[in-house]
Structure formats: structure tokens, C-alpha cells
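Derivation of every value follows stated rules applied to the coordinates shown; laboratory data play no part. This is a predicted model, so every value here is computed, not measured. Using ideal geometry, Cβ is built from the backbone for each residue, glycine included, and neighbour counts are taken over all protein chains shown.
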Amino acid sequence: MSTVTANSMDAVREKKSPTVDQRIPTSRVVAVELRKMFDTRSGFWLMMSVAITATLATGAVILWAPDSELTYDTFAAAIGFPMSVILPMVAILSVTSEWTQRSGLSTFTLVPHRGRVIGAKAVGAVLVGVGSMVVAMAIGALGNIVGTAITGTPTIWDDSFLHLSEIVLANVLGMLIGFMLGVVIRNSAGAIVGYFVFTLVLPTLSGLLAANASWWHDAQAWVDFNFAQGGLFDGEMASRDWAHLATATMIWLVIPLAVGLRLMLRSEVK
Amino acid sequence: MITVDSLTKRYGAFTAVDDVSFTAEGGRVTGFLGPNGAGKSTTMRVMVGLTPPTSGTARVSGRLFSDLPNPGLEVGVLLDASAQHAGRTGREILNIAARTMGLPRLRVEEMLDRVSLTEKEADRRVRNYSLGMRQRLGIAHALLGDPTVLILDEPANGLDPAGIRWMRDLLRSYADQGGTVLLSSHLLHEIEVIADDIVVIGNGKIVAQGTKNDLLAAAGTVVRSAAPSTLAHALELAGIASTLGPDGAVRTQADAARVGEVALAAGVALTELRPADGAGLEEMFLELTSETQREGAAA
């Protein structure tokens, strides 16, 4: 019994010996982190819900939208809303589960460079975000074809490729906001609450303030991330709007993420 | 080999690990013994780079953990068997680790077999695992990359007696093949039956270290009397250093015959006189534990 075990151990030792001094390639870390977004029950259904909600939203448009509004833009808008909720959750959980589920103990001992792991998670999140949006938009396109065939109205493709790319970008940015909150808060429940405060409570407060204080009204476009992001969905991005978006992204995404990463690198994993 | 050098970790004013130095050699099982909260886990977390030390270093095979190119292939780590995503299956947890290390998938099946987790159990989600199953999975995770060093924090927790026996044999054979095994426990007996070397830690400081045989032999004599303080005084007059324990027992490094002579000369009647027989380690450990006994403080 013990000799059998010893032999198999020797065999593995010989097989792997060239890799002991080889650094784990980044592509492998990304592939593993990507896999970890799907391989839990919650992760699996979160990803499935991308397709499910896109289908439901498409179905709802076909059933209830007036025939005159049965255009691709309507489908894209209907699908976009659930995406803007689901995708950030995927990003948040990919980071926070390492702490809340404590799997970080293994993750960060197998790859003892937290920056590499978090970077891989960010790449994975963007890949998932873009992939999900492509799937969702394809479902919407199918809905547009089927829906107009049912009603007998002409099939209208009123969204340019540029605008669709802007919608994808808007969703990826929203996802990265979730990612940032995950890095800063490092707790699943806390980060999810934080995300809803950021996307639901802050815009309302900002709007109220803008209506009542002229100084905020002037600054809002530069500082209010949700406000600046809105242009991407509307498809009316002038160069000034890009400048607004860049500034707001710097304030709400880049700087907090940098601070959060610094704190995370120095923190303890328990 | 693991080399810990003047390791200190402070949390504000609290010093969890205080200037700890020791070495765990290859081919030997090193037991890291200490009561709960003594600093064992913190020391182990620093070793594998999860906790940044305040000062000092811990090296594995001569390198800092973060300098290992693919640490899973050199160091097997089990710090907390429950620290896994509850929604993953046992097999998936091993798959992820194997992929990270670049190991063939076959290795996962081998390890599941090695720790006696059945196909069915491996496909269950970890939230439905008993603590014993989690420990087995954790051991499989640690052994996956066929490392030369094992760092295990309280690995026997939650295992049934047969499981403890199995683990003991497994670690023994690992050390016999030249591997370094460092395992912690708060139970003296557990360490006594498996370790070749023992490092005892209390309140963040190393209080004793050496081979098990040395630590158990360096015990001296235990002597009891109806008048312990008179006895201690008599020993002191005879030039024999001794300590008077809270239980009334007097301990000294002198042998039993010499202690008997002194007692006779002083006219102190003895109720017990015996060699300490390794009880020294146990007494020392009990003393360490009593300082942090929560039950004692509450009473």
C-alpha cells in the first residue's frame, strides 16, 4: 500500500519537477479567476440570470410595448436595466467572496501576490461583462426579429454599432464600480449595499442638490458619476461629455480603487 | 526546512508574536504547541505571507514565501479547513488549486483517493461537509502539489480517533521521506505522539524548544510534603534551586536521592517523592494554559 503511494508520488514529482521554478503564468491566474466566477451555485445562477433576464425583458417588450416602439433601441434599453444590476454583483462577489467565504486563505497562499490575483479578477470581470452584453444584445436582436415578425411591422435597427459599444462600456464601468466597492469594503453584503447606495441613493441626492444649489448644478456633470455615465446609454456623447465621464471616473473609480488596493495589499487575510 | 527568525507581530499595544525564532528541519515532524491564543496561528499566517510581520522573517526552503515562483508545489498549507467557499464542491476546490499550480487533473482524483473522500462526497458542496471531511479535503489540498514542506494548523481538529491515527501515519511517512512537517496543536498529547521536535509557545513567546526526548527527559524531581514551604526553604539552604507550584508540589532539577537526604536532614516528612518523568513539559504547559484559562478568570 505504502509503496504504491510512494511510487505514484515519485511519478508526479518527476513529471512536475520542471515547473517548480517556473512562475505561475498570468494567463493561468486569469483563467482560474474566471472559472471561480461560475463554479459556485450562486455564481452559476448569477451568470445564468444574464441570459434569463435578457430573455424575460425581450419577451416583455414583445408582449407589452406598442407596435410603433418595437425597435432595437427599445429591446436594448429593456435588456440593459437588469444587466446593470447583475453584472456589478458578479464583479463584487468575485472579490468579496475571498474574504466573506474566506477562500482567500487558499487563493493568496497559492498565488502570494494579491495584486496579481486582483488584477486577474478585474480582467475576468471585464471579459464576463463584455461577453454577457454580447449575449444579451444577441437575445435582444433575436427578439427584435421575432417581435416584428409577429406584429408584421418593419424590423428597425435604430442603434448604431458605436452606440451599442457605448452601452457595453457603460455596463463595464458600472461593473468596475462594483469591483472597486468590493476591493474597498471586502465584504459581500456591505459591498452590495454600497453599490445600491451608489446607484440609487446618490443620484437622487445629487439631483435634489442640483435643483437647489447652483454651484452643484454647474459641477454635477463633472463630479456625478451616474449623471456622466447616463450619456453613454443615451448615445449622445460629445467630446465635452467624454471629459465629464473621464473626470467622474477618476474621482469615483480610479482613486478609490487605488486607495482600496493599497489597503488590501497591507491587510491581513484571516 | 522552515526558518523563523526574530519574528514579531504587534497589533497596536498587543504583541501577538514576540521575537520568535525556531527551525523546523526536513525529515522531522515539528510540533508547535501552545494554548489557544498563544500566537501559533499568527506565526503560521506570517510564514505563508497572509499576515505582514512587524519585524523579523520566516523563510521556507531558504526563501520568503512570496518569492516562491509556484508555492503550492513546494509548501502545502492548511490553516483553516473551514476557510473554503461553501458553495463549491470538494472536487472543484481541488480542481482550482490543481489548475493554479499547473497540475494534471488526474492528481485531484489521486488526492481524493488518498484522503478517502468518495466520489459522491467529492461532488457535494463544502457547506454540507462535516468538520472531519473538511479536514480531509484540506489535507488533500495541502498534499496536491506534492510539496516538500507542510504547514498545518490544528489539523487533527474534528477528526475521529481513526482519522487522527490516519493523519499521524500520513505525516510520519511524509517526514520519513525527507519532508518537513510543522503542525500546531493546543493538545500536548497530540504533539507528544507524533512530533520529533517540539516548540512551545505561550503569550507570543517561545518558552521551550528542542527534541521531544530532551524536553521530556529534562524534568528532574517532583516532591510533596505537608509543609511545602519549609521543604523549599531547606532545599534552598542546601543550595538546590526549586520552585513551589500552586498545587503544593516542589519541583527541582536535583535527583530524588539528593532531595530525600535534604528532607531527612531538615526533618520534613514527605508525602511523595518521584522523578518527574516528562511531567515537566506537562506542568509547564499547564502553567501556560492556566494563565489564559477563561474558566478560571470567570470563577
query: Where nothing but the Cβ of Lys and Arg (+1) and of Asp and Glu (-1) is charged, how large is the charge dipole of region A:121-270 around its Cα centre, in debye to the nearest 20?
result: 800
- prompt: Any idea which of A:Ser27, A:Thr109, A:Met264 is furthest toward the positive side of the dipole for region A:24-266, if Lys and Arg beta-carbons carry +1 and Asp and Glu beta-carbons -1?
  reply: A:Thr109
field: Net charge dipole size for chain B [Lys, Arg +1 and Asp, Glu -1 on Cβ; Debye, nearest 20]
entry: 1040
message: Between region A:215-257 and region B:95-127, how far is it from one alpha carbon centroid to the other, in angstrom?
response: 47
query: How high is the relative contact order of chain B, in percent, with contacts defined as C-alpha pairs under 8 Å that are six or more residues apart?
result: 21
- request: First check a/c for region A:24-266, with a ≥ b ≥ c the square roots of the eigenvalues of its C-alpha gyration tensor; if it is under 1.5, answer rounded, and if not, answer prolate when a/b is larger than b/c or oblate otherwise.
  value: oblate
message: Let me confirm one metric for peptide B:145-154, namely the mean number of other chain beta-carbon atoms within 10 Å of its residues' beta-carbons.
response: 2
field: Rounded to the nearest 20 debye, dipole of the protein assembly as shown from Cβ charges on Lys, Arg, Asp, Glu
entry: 420
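By the gyration tensor of its Cα atoms, with a ≥ b ≥ c the square roots of the eigenvalues, what is the shape of region B:13-66: rounded for a/c under 1.5, prolate for a/b over b/c, or oblate? All intermediate terms of the calculation are to be shown ahead of the outcome.
Details: a/c = 2.03, a/b = 1.20, b/c = 1.70.
Cα axes put region B:13-66 in the oblate bin.
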- prompt: How high is the relative contact order of chain A, in percent, with contacts defined as C-alpha pairs under 8 Å that are six or more residues apart?
  reply: 22
query: Roughly speaking, what is the centre-to-centre gap between region B:241-263 and region B:130-173 when only Cα atoms are used, to the nearest Å?
result: 41
query: Across the Cα atoms of the protein assembly as shown, what radius of gyration and what greatest pairwise Cα-Cα distance (Dmax) are found, in Å?
result: 31.5, 119
- prompt: Using Cα atoms only, what is the angle between the long axis of helix A:114-151 and the major principal axis of chain A, expressed in degrees (0 to 90) to the nearest 10?
  reply: 40
- prompt: Using a ≥ b ≥ c from the Cα gyration tensor of chain B (square roots of the eigenvalues), is it rounded, prolate or oblate, where a/c under 1.5 gives rounded and otherwise the larger of a/b and b/c decides, a/b for prolate?
  reply: prolate
- line: For chain A, longest principal axis from Cα atoms; helix A:214-223 axis from its Cα atoms; angle between them, nearest 10 degrees, is 50
field: Length released on extending from A:Leu200 to A:Ala138, taking residue separation times 0.36 nm less the Cα-Cα span
entry: 19.5 nm
query: What distance in nm separates the simple spin-label points at B:Met1 and B:Asp123, each placed 7 Å from Cα in the Cβ direction?
result: 4.7
statement: Only helices counted: for chain A, with every DSSP H run of 4 or more residues adding -39500 (n - 2.57) and the sum spread over all residues, [θ] at 222 nm is -26000 deg cm²/dmol
statement: Per the 1/(1 + (r/R0)^6) rule, R0 = 56 Å and r from the Cβ atoms of A:Ala31 and B:Gln253, FRET efficiency to 0.05 is 0.35
task: Using just the helices of chain B, give the 222 nm mean residue ellipticity in deg cm²/dmol: DSSP H runs with n ≥ 4 each add -39,500 (n - 2.57), and the total is spread over all residues, rounded to 500.
output: -11000 deg cm²/dmol
message: Can you tell me the orientation of helix A:202-212 relative to chain A, as the angle in degrees between its alpha-carbon axis and the longest Cα principal axis, to the nearest 10?
response: 40
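Would you please give the FRET efficiency between B:Leu270 and B:Leu187, computed as 1/(1 + (r/R0)^6) with r the Cβ-Cβ distance and R0 = 35 Å, to the nearest 0.05?
0.60
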Whole-Hz ³J(HN,Hα) from phi, Karplus 6.51 cos²θ - 1.76 cosθ + 1.60, for region A:248-256, glycine and proline x: 5, 5, 4, 5, 9, 10, 5, 5, x
task: Considering Cα pairs under 8 angstrom that are at least six residues apart, work out the relative contact order of region B:155-270 and quote it in whole percent.
output: 17
message: Give the separation of the Cα centroids, region A:152-173 to region B:1-38, in Å.
response: 60
